[in-house]
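What follows is a short report on a single structure.
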Amino acid sequence: MFKKSLLLGISLSVALISGAALAQDPVSIVYIPKNTGNPYFDSLVAGFEDACKELNCEFTMAAPATAEATSQIPFITAQTQRGVDVIAISPNSPDAMNQVLDRARSRGILVLAVNGDLVDNYEHRDAAILPVDFTKTGPGQVELVGSMIGYKGEIAVLSATTDAPDQNTWIAAMVDSLKTNPKYKDMNLVATVYGDDEPQKSTTEAEALLQTYPDLKGIISPTTVGVAAAAQVIQSAGKADEVKLTGLGTPNQMRPFIKDGTVEAVQLWSPYNEGLLAAYFAVGVKNGTIKNEVGATFEVPELGTITIGEHNVMNTQAELTTFNADNIDDFDF
Amino acid sequence: MSLITKFLSTLLHRREAGIAVMIVLLALVVGAIQPRFLTLETLRIIALAIPLILIAAMGQMMVLVARHVDLSIGSILAFSSIIAGIMFRDLPDVPIIISIVAAIACGGALGFANGVIVTLFRLPSIIVTLGTLSLYRGLVFLVSGARQVDPQYIPRSLIEMSQTSPIFGIPWIVILAFVIALLTYFFLDHVRLGRQIYALGSNPVAAPLRGIKVVPLTILVFTMSGALAGLTGIIYASRFGYVNPGITGVGFEFTVIAAVVIGGVSINGGVGTVLGTVLGVILLGMVNVALPLLGVSAFWQDVIYGAVIVIALLIDKSVRDRSARALAAARSAA
Amino acid sequence: MTMQTETAKPTRDSADARPMWQVVLVRPEVMTFALLVGAFIIASNLSPFFSDAQFILESSTYYVEYSIIALVLTLVIISGEIDLSPAAMMALSACVFAALYQAGLPIGLAMIASLATGVLMGLFNGILVVVFKLPSIIVTIGTLTLYRGLAQVLAGDRSIGKFPQWFNGIDYRLILDVPVPVIVFVIISVALAAILGTTVIGRQIYQVGTSEIASIHAGIRVRRIKLGLFVAMGVASSIGGLLTASRLASVRYDMATGGELQMVLMVMLGGTYIFGGRGSILGTFLASWLLVIIATGMTVANIAITAQLIVMGALLIISIIATNAIYARTQR
């Protein structure tokens, strides 16, 4: 009993002190990834954690079980209730969370979309941190697969879900550069199929591609689940020499395939840097050292000068990073 | 009636014959639209799609025959798979076979727990396993720390089991699946304990009167289902090359139940054959492979699964009604 | 059961009259209520941010759609059947609503079409169970896959939104500080409790669940009652789907995925007997709040979702074991 009242007294005085010295109150950041158990986000979280060690902010992660559209909503409400300063979220839906996020923002919480944006609902978050300028992803992938197949022959795309907004932006850009760039005039996109980001469906779709298009020379899979499944299929079928695969994949997921030659190279960015940038930006805005307006710039160690672009979007890197046999062991995520 | 026509008519009236005819028809129709369907390569793809469902289906079939159902196999699969993956990653010096055995044992233990709860408290298995479906998934996250086991940790030799074998290059997992099916057949048809499962399922009230130890037998059935789901977890790791705690085996129970019910196993217990289940799995595997080849959206897959379960139930019902009427007619004639 | 010493020595023919306190207290609803109080105390201790009525009410809107359906499910389970397809029915009826609205139908008509879809789906389940005499548990596993699949075929995986402003955000409309969906839930609870407790139909539902054969002999229209209950499930699911669509201001095929587990959990936690014949709306009502408090309390205390999955699964099993034990005891 005594212990309890002592604790209460301490926490009360702590509350009083922190109330008085508001400026020294560490900024509290919570990050809500798409779902739990997704290795991609582990590395993003590490970025947040390291930045918060540096900046002395309080960081927590709260992840729902599934990546279903509504699963993040109770988490946003609970964090709003906890009174955190910043909610960073990798949204599972571009529109289902508008109202809850507005509620959080009306309480003075800074809402950041990280790694994916609320496309066409920009007014419901304060800023977005994206890895690269997404208009460059599509052409970058076409160039990579082109260089592998000598810019000649049939290629196909194995995507995530039919309405995945990021993937669809990239695929549209791929189609566009195949059409307009004379360098790619001998390359022919024969099919776009969808594996729903499920290992099993992605595998079946990849197998069907090899079956249906016997002259297929290249596959682009701009999703981490798809590219891993396609690599496994090509390895099993022993077709690494005939069909060249590339896509967006994490080094840990693709390491065995790149080492044994099934896949020459894949691309991605650093999710770690997204966490880093998000934390620096959040703390800066909360402390008043960074102005969240289009055109403003600020410095982040290791990332250099960051400029806030249209729709308050920031990118961590200019170009995609390419992982191949020479450099893949330098990365661990 | 000559013996031959009698034989033919029994054959035609058997459920297995119906499924076999459907398999042939499906192959012809799909082949007519997309000739590439009728190639050896497709056969390889279908063969690879089967083991995952087939092994778990053997367990689920026994559970259904015993007049129960096991909805937790997807989570058990994930649990065994992640245990094996963690052992591969953290204990690289331990022989692979030990990890595999451990994974199967874990599956068996979870199945055992299902069986104990169902029998000890006399609860409907469907509700119990609905609960353990969530509970076991939570355990998967717990033991893995919600972290995926990456491809680099899955042993090469395990991956190769999904690719080839010295026997005509038929992948090991395919051979394994059919060996499991044969063993199940032998167990259910030639071992007393196996035959008792049918007796238990067709009349649970009378079973104890015939000297069947209902509680241990039911627990055994659930344990076998769990162990087979555990083995399926190994096949999963072998085929897909990594284990993710969140997506591995989610919704798998519906695929397996669909396959088993198509195969003519009755949800009222007591009825079902290994051959029928194998054919049901093959039919479902063919549908899975045919859809993308025909360019049909994967969205239709669930519709087809659901429709197939409902239709199979209706067929099953009409068969049972007809045989009941035939039985009644035979009785009144005598 | 040490109470025997206090009462007169029973004869062989008559069983002990149970003492009054047992009749009142040894009931599943009491267990639910005790758990509710316990959960509230634990949650308040876990996080200082928890005990705030406005916050709990706001959080309850995320579960109240399930709670409404669970009320009807209670009747279905009392009648001796089960329906595992409501979450999928929510998704399909909401997708029908959104797709029709997007295709240019006036929003009122789209809502009616959604309710009609609910009726049709419930009717389909009911016919398979009542006319074809198939076990509802497996039938609705089949139709759950089927309905969810149809929703996916209809809507793809894009989210459909852009509803008129008045339709959106029903969970933020407050009457006396209480969100509208919660009020809907309370009204339906009272209405169903009245039907179940005071009307002939209510008593017949219990009888059907206790003994179907006896009910038929007693002249109860068993088939009609069961069919009606399945249709009611469809309608309730459709209402749940529309409420969700309003709350999210958008619809996607994966709405309420896995929600059937939560709904069954609410009914079981409320002490309804899984084999039919016993149970109450009060129990389900209390259990709904219990779930809200558990889920909200764990989320606001930043407890990992892992623990939440384990607690939910374990609760389901423990609650049926406890309910079974209580009924077995009172039956003697």
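The values are calculated or read from the model by the stated rules, or taken from the named source; none is laboratory data. The model shown is predicted, which means the values in this text are computed figures rather than measured ones. Every residue, glycine among them, receives a Cβ derived from its backbone with ideal geometry; neighbour counts consider all protein chains shown.
For the reader, a short list of remarks on this structure follows.
- Residues (more than 14 Å from chain C (Cβ to nearest Cβ), surrounded by 15 or more Cβ atoms within 10 Å (Cβ to Cβ) and aliphatic (A, V, I, L, M)) located in segment B:145-169: B:V149, B:I154, B:L158, B:I159, B:M161
- Annotation: of all residues in segment A:182-209 being assigned to a loop (DSSP other than H, G, I, E, B) and touching a residue at least 12 places away in the same chain (Cβ under 8 Å), the one that is surrounded by the most Cβ atoms within 10 Å (Cβ to Cβ) is A:G195.
- Residue selected from segment B:207-243 under the condition of a type in the set (D, E, K, R) and more than 22 Å from the chain's Cα centre (by Cα), by the criterion nearest to the other protein chains (Cβ to nearest Cβ): B:K213
- Candidate set from segment B:39-67 (those that are closer than 30 Å to A:L209 by Cβ and away from every other protein chain (no Cβ under 12 Å)); member that is surrounded by the fewest Cβ atoms within 10 Å (Cβ to Cβ): B:I50
- In the set (1) in a helix (DSSP H, G or I); (2) within 14 Å of chain B (Cβ to nearest Cβ), A:G140 fails one condition alone, (2).
- When segment C:270-305 is limited to residues that are hydroxyl-bearing (S, T, Y) and assigned to a loop (DSSP other than H, G, I, E, B), the one that is farthest from the chain's Cα centre (by Cα) turns out to be C:Y273.
- Members of segment C:135-144 that are in contact with a Ser or Thr (Cβ under 9 Å, 6 or more places away or on another chain) and either hydroxyl-bearing (S, T, Y) or without any contact (Cβ under 8 Å) to a residue 24 or more places away in the chain (or both): C:V139, C:T140, C:G142, C:T143
- Flag if B:V101 is more than 9 Å from chain C (Cβ to nearest Cβ) and either of a type in the set (K, R) or over 20 Å from the mean Cα position of the chain (by Cα) (or both): no
- Taking the conditions (1) within 14 Å of chain A (Cβ to nearest Cβ); (2) within 21 Å of B:N244 (Cα to Cα) in turn, B:I76 satisfies each one other than (1).
- The set of residues in segment C:257-305 being facing another protein chain (nearest Cβ under 8 Å) and of a type in the set (G, A, S) consists of C:G258, C:A295, C:A304.
- Residue match in segment A:149-159 (condition: crowded, with 19+ Cβ neighbours inside 10 Å, modelled with pLDDT under 90 and within 14 Å of chain C (Cβ to nearest Cβ)): no
- Residues of segment A:210-223 include none that is outside any loop (DSSP other than H, G, I, E, B), facing chain B (nearest Cβ under 9 Å) and within 27 Å of the chain's Cα centre (by Cα).
- Summed over segment B:284-301, residues that are within 14 Å of chain C (Cβ to nearest Cβ) and hydrophobic (A, V, I, L, M, F, W, C) total 7.
- Candidates in segment C:306-324 are the residues that are among the hydroxyl-bearing types (S, T, Y) and more than 13 Å from B:I117 (Cα to Cα); of these, the one that is nearest to the other protein chains (Cβ to nearest Cβ) is C:T306.
- The selection criterion, being more than 11 Å from chain C (Cβ to nearest Cβ) and either closer than 18 Å to C:L146 by Cβ or part of a helix (DSSP H, G or I) (or both), does not hold for B:I304.
- Being within 13 Å of chain B (Cβ to nearest Cβ), without any contact (Cβ under 8 Å) to a residue 40 or more places away in the chain and surrounded by fewer than 19 Cβ atoms within 10 Å (Cβ to Cβ) holds for only one residue in C:F132, C:F124, and it is C:F132.
- Single match in B:L142, B:L123 (criterion: within 30 Å of B:G272 (Cα to Cα), among the aliphatic types (A, V, I, L, M), free of Cβ contacts under 8 Å to residues at least 40 places away in the same chain and within 12 Å of another protein chain (Cβ to nearest Cβ)): B:L123
- Among the candidates B:V221, B:V179, B:V174, B:V205, residue that is assigned to a loop (DSSP other than H, G, I, E, B) and β-branched (V, I, T): B:V205
- All positions within segment B:245-283 that are more than 9 Å from chain A (Cβ to nearest Cβ), of a type in the set (V, I, T) and part of a loop (DSSP other than H, G, I, E, B): B:V265, B:I267, B:V271, B:T273
- Those residues of segment A:223-265 which are in contact (Cβ under 8 Å) with a residue 12 or more places away in the chain, buried (at least 22 other Cβ atoms within 10 Å of the Cβ) and small (G, A, S), in sequence order: A:G226, A:A228, A:A229, A:A230, A:A231, A:G247, A:G249, A:A265
- Test: A:Q235 is within 14 Å of chain B (Cβ to nearest Cβ), in contact with a Phe, Trp or Tyr (Cβ under 9 Å, 6 or more places away or on another chain) and more than 29 Å from A:F48 (Cβ to Cβ): yes
- Selection of segment B:127-170 for residues being aliphatic (A, V, I, L, M) and either under 29 Å from A:V233 (Cβ atoms) or more than 25 Å from the chain's Cα centre (by Cα) (or both) yields B:V140, B:L142, B:V143, B:A146, B:V149, B:I154, B:L158, B:I159, B:M161, B:I167, B:I170.
- Of the set (1) within 29 Å of C:G270 (Cα to Cα); (2) surrounded by 19 or more Cβ atoms within 10 Å (Cβ to Cβ); (3) within 14 Å of another protein chain (Cβ to nearest Cβ), all apply to C:L192 but (3).
- Scanning segment C:155-179 for residues that are in a helix (DSSP H, G or I) and either surrounded by fewer than 17 Cβ atoms within 10 Å (Cβ to Cβ) or touching a Ser or Thr at 6+ places or on another chain (Cβ under 9 Å) (or both) yields C:I170, C:D171, C:Y172.
- When segment A:106-137 is filtered for residues that are under 27 Å from C:A94 (Cβ atoms) and either buried (at least 24 other Cβ atoms within 10 Å of the Cβ) or more than 12 Å from chain C (Cβ to nearest Cβ) (or both), the ones remaining, listed by number, are A:V111, A:A113, A:G116, A:D117, A:Y122, A:E123, A:R125.
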